Amino acid sequence: MNLLKDDVSQLIKKLAIPASVGTLFQTLYTLVDTFYAGKISPEALSALSKSFPIYFLIIATSIGVTVAGTSLIGSSIGEKNEKNVLGYFTNIILYSVIISIIVSIIGFSFSEKLFLTMNSSREVITLGLEYTNVIFYGTILFILVVALNSFLHAEGDTVTYRNALILSFFLNILLNPIFIFGFLFIPAFGVAGIGYATLIAQFLSLIIVLIKLLKNKRIKEITFQNFKIKFFYIKNIFFQSMPITIAILGYSIAATIVFTYVAFTGEYAVAGYGASTRIEQVVLLPVLGINTAIISIIAQNIGAKYYDRVKQSYFISVKYGLVIMLASGVLVFVTADLMPKFFSSNTEVIEYGSMYLKISAFILPAYPIFFLSNGFFMALKKSEKAMINNILRNVLVPFLSYYIARSIDADFKTFFYIWAILQWLISILLFFYVKYYINNKLTTG
């Protein structure tokens, strides 16, 4: 594939499909974890659901690192600057090690406080910490694998990581019951076993990506001299990745606020909502795949100053995303009463899960605009704009939803209707802003 010359619509399909398949298995991975948590108890399911905003610290940092690597390396490839290609790659590895240590310290220090913030029972807090403590020991595995993979994404290779995610998914299916319930000499770890299975599967992904990289012609030119921290590269990586990490951490804030409000209804409502968001994540996979594609395409084309292809990439991707999410919304609404039964046999958990999915079906078409607009700015190395977008959607909207709902004493369903209206409003405003930016500032901003 030539990201600078091939037809844009075909490139999006070629890059998005492997990325979507890979992300599908990454999300199925979390579905398996959720399924087994439900087998332990409704409280364990609630604990795993509430751990997501905490675990999201690792996810947000990983996304910041991979987007920084993809955009900076991709832009350097477009500029034909081989020195910067290798400079950014080696320094993003060093950056990943440093940031992993910082993230682990933060995770261990604040996890319990966040569980308390979400009105959790003592049992849920204990179960949640069993899981998150294991996960934060393996932070470096999560961040290092995406740092290495950012080089492959910058070159347009979304297949290797897809294969890694598929294999780690099947390994996770095998390991989850073994570590949760015990087998032969392996004791039953309960909820912590979900974390141990995750770390082992993540290590497999790291090995697969590393093997692929070692065969790359550019990587073969790297020497130990390249592995020296250089301020120029670290500075650019930091200012490209950190706004994105901070912005995406807004989702953790949003999830915390939502879980706090839902917890007023009860832990079973939390379990139902948490399980249903896993289904929602599966449905969003094509959009996330398209987002991965346009970051790679736009990063190289902006480096080569092919502005028409940058514009084309954004509008084609939004069109694809809207069509897919409209169809997905219909499917989610029709199957809303069935899907939560996969995670729990508790009638109350199922009822709340179904209720949320029926509302989510109407929100889904708003998501492509948000994700793809953020991908657009990330690829342009305008991380600060992506950060602002995320703060508006993931901080302002949740706070408004929470306080409007509290002021009218809204129930579970009404709260999410308020949420849906505000999500649509922010996405529409964002689309018109990106359109204005493309028409007026793309070549100058």
Is it true that Leu141 is surrounded by fewer than 23 Cβ atoms within 10 Å (Cβ to Cβ), within 20 Å of the chain's Cα centre (by Cα) and closer than 30 Å to Val124 by Cα? yes
Among the listed residues Lys385, Lys381, Lys441, identify the single one that is more than 21 Å from the chain's Cα centre (by Cα), at pLDDT below 80, among the basic types (Lys, Arg) and open to solvent by 40 Å² or more (accessible area, probe 1.4 Å). Lys441
With respect to Phe227, determine if the residue is in contact with a helix residue (DSSP H, G or I) (Cβ under 6 Å, 6 or more places away or on another chain), at pLDDT below 75 and on the phi < 0 side of the Ramachandran plot. yes
Among Gly128, Gly107, Gly156, which is in a loop (DSSP other than H, G, I, E, B), open to solvent by less than 20 Å² (accessible area, probe 1.4 Å) and in contact (Cβ under 8 Å) with a residue 12 or more places away in the chain? Gly156
Meets criteria (among the β-branched types (Val, Ile, Thr) and within 24 Å of His153 (Cβ to Cβ)) for Ile211: yes
Taking the stretch 212-234 and keeping only residues that are assigned to a helix (DSSP H, G or I) and over 24 Å from the mean Cα position of the chain (by Cα), one is left with Leu214, Ile219, Lys220, Glu221, Phe224, Gln225, Asn226, Phe231, Phe232, Tyr233
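Here's the yes/no breakdown for (1) more than 16 Å from Pro286 (Cα to Cα); (2) modelled with pLDDT under 80; (3) part of a helix (DSSP H, G or I); (4) not hydroxyl-bearing (Ser, Thr, Tyr):
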site	(1), (2), (3), (4)
Asp308	yes, no, yes, yes
Tyr314	no, no, yes, no
Gly321	no, no, yes, yes
Ser344	yes, yes, no, no
Gly353	yes, no, yes, yes
Leu364	no, no, yes, yes
Phe370	no, no, yes, yes
Asn390	yes, yes, yes, yes
Ala405	yes, no, yes, yes
Would you check which residues across the stretch 27-54 are open to solvent by 30 Å² or more (accessible area, probe 1.4 Å) and either outside any helix (DSSP H, G or I) or at pLDDT 75 or above (or both) and list them? none
Restricting the search to the stretch 286-341, which residues are open to solvent by less than 50 Å² (accessible area, probe 1.4 Å), within 30 Å of Val270 (Cβ to Cβ) and of a type outside the set (Gly, Ala, Ser)? Pro286, Val287, Asn291, Met325, Val332, Thr335, Pro340
Going residue by residue through the stretch 350-368, is there one that turns out to be among the aromatic types (Phe, Trp, Tyr) and closer than 20 Å to Thr292 by Cβ? yes
Would a scan of the stretch 64-86 turn up a residue that is in contact with a Gly (Cβ under 9 Å, 6 or more places away or on another chain) and under 16 Å from Ile143 (Cβ atoms)? yes
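The values are calculated or read from the model by the stated rules, or taken from the named source; none is laboratory data. Predicted, not measured: the structure shown is a model, and the values here were computed from it. Methodologically, a virtual Cβ is constructed for each residue, glycine included, from the backbone with ideal geometry; neighbour enumeration extends over all protein chains shown. Only protein heavy atoms, including side chains, enter the accessible area calculation; ligands, DNA and RNA are left aside. Shrake-Rupley method; radii C 1.70, N 1.55, O 1.52, S 1.80 Å.
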